[in-house]
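Q: Below is one structure. I have some questions about it.
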Amino acid sequence: MSDADTPAEDLWRFALAVYGAPGVSAACLELQDRFGADVPVLLTALWMGRRGRGLDATGMAALDGVVADWRAEMVQPLRALRRRLKSGPAPAPSEATEALRSAIKRAELSAEKIEMVRLAEWAAAQPEAEGQGDAARNLALAVAYFAGRAEVPEALLAPLLEAAEVN
């Protein structure tokens with residue numbers, strides 16, 4: 001993070017870089033769809049670890065709690081609408097409905113960016129604990145938080161960790 005960056009700008013840039021790395025978007029979507037993970041929360045946990053900020057179970061619950069209502073009431077309904085337009089109801093999917101689907105996709109991305117600003121603000125307000133942050137540990141904790149007792153394949157975490165190492 002440069003001196004001119006806010007935590008939100010740094011997190012957003014990190015998230016875009018990591019998400020755009022090979023294999024990450026597919027892994028994130030599977031973590032989201034199969035295990036109920038919130039991708040912005042996962043990316044924030046990774047970002048915190050890369051910045052030397054650790055999480056524990058209480059911190060993970062608090063991190064998610066900052067955005068849980070926003071996700072449930074804004075992000076997820078927009079995602080459901082966007083996905084629904086891929087298959088119907090009539091006249092969707094069609095050329096006539098593609099502009100609406102694109103607008104909803106932009107709104108969903110805007111809602112996720114708002115979520116990430118809140119996450120960055122929360123993370124920046126946490127006391128620093130020198131040497132406590134670890135990206136792999138934070139990601140594992142975040143995935144376990146959402147997946148519960150479900151077994152999450154390591155292959156889903158590897159692309160995120162690899163991408164985080166260079167960002």
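Please treat every number below as a calculation from the coordinates, not as lab data. All values derive from a computational prediction rather than experimental measurement. Because the Cβ atoms are built from the backbone with ideal geometry, glycine has one as well, and the counts that use them run over all protein chains shown.
Q: Which residues make up the longest stretch of the chain clear of trypsin sites (Lys or Arg not before Pro) that lie in a DSSP loop with no more than 11 other Cβ atoms within 10 Å, not counting the sites?
A: Working: sites that count: LYS86, ARG149.
The reported range is 1-85.
Q: Under a point spin-label approximation (7 Å from Cα along Cα-to-Cβ), what is the ALA103-GLN76 distance to one decimal in nm?
A: 2.6
Q: Then there is this: Principal axis lengths of segment 119-167 from Cα atoms, whole Å, largest first?
A: If we take the Cα atoms of segment 119-167, the spans are 32, 26, 19 Å.
Q: Another one. From the P(r) of the chain, can you give the percent of Cα pairs sitting at distances over 18 Å?
A: Numbers: 8419 of 13861 pairs.
Summing the P(r) of the chain above 18 Å gives 61 percent of all pairs.
Q: How far is the Cα center of segment 91-161 from the Cα center of segment 59-89, in Å?
A: Cα centroid to Cα centroid, the span is 11 Å.
Q: Report the percentage of all Cα-Cα pairs in segment 62-139 whose separation exceeds 17 Å, rounded to a whole percent.
A: Roughly 58 percent, once rounded to a whole number.
Q: Round to the nearest 10 and give me the degree value, 0 to 90, for the angle of helix 57-70's Cα axis relative to the longest principal axis of the chain.
A: Tilt relative to the chain: about 30 degrees.
Q: Still on this structure: Mind listing which GluC sites (Glu not before Pro) in segment 43-147 are in a DSSP loop and have 12 or fewer other Cβ atoms within 10 Å?
A: Details: sites: GLU73, GLU95, GLU98, GLU108, GLU112, GLU115, GLU121, GLU128, GLU130; in loops: GLU128, GLU130.
The qualifying sites are GLU128, GLU130.
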